[in-house]
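Note sheet for the following structure.
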Amino acid sequence: MTAALDVDDVSTGGEWVTLAVPPDLDQAYRAVTGWGAPEPPVGLGTVVARLAWTRGRPMPPGGVLVEMTLRRLDIPPADNHWLARVDTDVVGVRDGRRRVRVTTQLRAAADGRDVADVDFLLDWPA
């Protein structure tokens, strides 16, 4: 079993990392959300961003997603090769939980164009 994600493991330390996105993510997103338009789904960046900062590890139980903001800058890369840079900032403590902002910048690996910026505001379990 994989250990739960620790808040200290979320940031990429200012580095851009290659992100392995499953090739069927677009189709799975469409199936779950009902997105039927031919263009890439607008919200796909939120799923890719979460994959970028969890890196396959489960969230610890008891966390709460407070807010999520997506700024789509361009269409997702057709080849599913992404780059991600993740930063974290503890913005407060409430009831023993750290309130953490996770900011994820996403780029297309092939040409380096910016694809999306995604912010998550989370109450991390104590």
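Is it the case that some residue within region 14-36 is assigned to a strand (DSSP E or B) and free of Cβ contacts under 8 Å to residues at least 24 places away in the same chain?
yes
It is to be established whether one or more residues within region 47-57 are at pLDDT 90 or above, open to solvent by less than 50 Å² (accessible area, probe 1.4 Å), in a loop (DSSP other than H, G, I, E, B) and in contact with a strand residue (DSSP E or B) (Cβ under 7 Å, 6 or more places away or on another chain).
Checked region 47-57: no residue is at pLDDT 90 or above, open to solvent by less than 50 Å² (accessible area, probe 1.4 Å), in a loop (DSSP other than H, G, I, E, B) and in contact with a strand residue (DSSP E or B) (Cβ under 7 Å, 6 or more places away or on another chain).
Residue by residue through region 90-104, note down the ones that are without any contact (Cβ under 8 Å) to a residue 24 or more places away in the chain, open to solvent by less than 70 Å² (accessible area, probe 1.4 Å) and closer than 18 Å to THR12 by Cβ.
Residue satisfying the conditions is THR103 alone.
Output the residue which, of all residues in region 1-13 that are outside any helix (DSSP H, G or I) and of a type outside the set (A, V, I, L, M), is surrounded by the most Cβ atoms within 10 Å (Cβ to Cβ).
Ranking the qualifying residues of region 1-13, first place goes to THR12.
When you go through (1) charged (D, E, K, R); (2) exposed (fewer than 14 other Cβ atoms within 10 Å of the Cβ); (3) in a loop (DSSP other than H, G, I, E, B) one by one for GLU67, which number turns out not to apply?
If we test GLU67 against (1) charged (D, E, K, R); (2) exposed (fewer than 14 other Cβ atoms within 10 Å of the Cβ); (3) in a loop (DSSP other than H, G, I, E, B), just (3) comes out false.
Looking at ASP87, ASP79, ASP117, ASP111 in this structure, which one is closer than 12 Å to LEU44 by Cα and either of a type in the set (D, E, K, R) or open to solvent by 40 Å² or more (accessible area, probe 1.4 Å) (or both)?
Matching residue, one of ASP87, ASP79, ASP117, ASP111: ASP117.
PRO23 - would you say it is surrounded by fewer than 16 Cβ atoms within 10 Å (Cβ to Cβ), farther than 19 Å from THR104 by Cα and under 17 Å from the mean Cα position of the chain (by Cα)?
yes
For residues that are within 26 Å of PRO58 (Cβ to Cβ), modelled with pLDDT of 90 or more and not in a strand (DSSP E or B), tally how many sit in region 77-126.
Of the residues in that region, 1 qualify.
The values are calculated or read from the model by the stated rules, or taken from the named source; none is laboratory data. Just so it is clear, the model here is predicted, and its values are computed rather than measured. Backbone-built Cβ (ideal geometry, glycine too); neighbour counts: all protein chains shown. Each accessible area value is taken on the protein alone, full model and side chains, heavy atoms only, with ligands, DNA and RNA left out. Shrake-Rupley method; radii C 1.70, N 1.55, O 1.52, S 1.80 Å.
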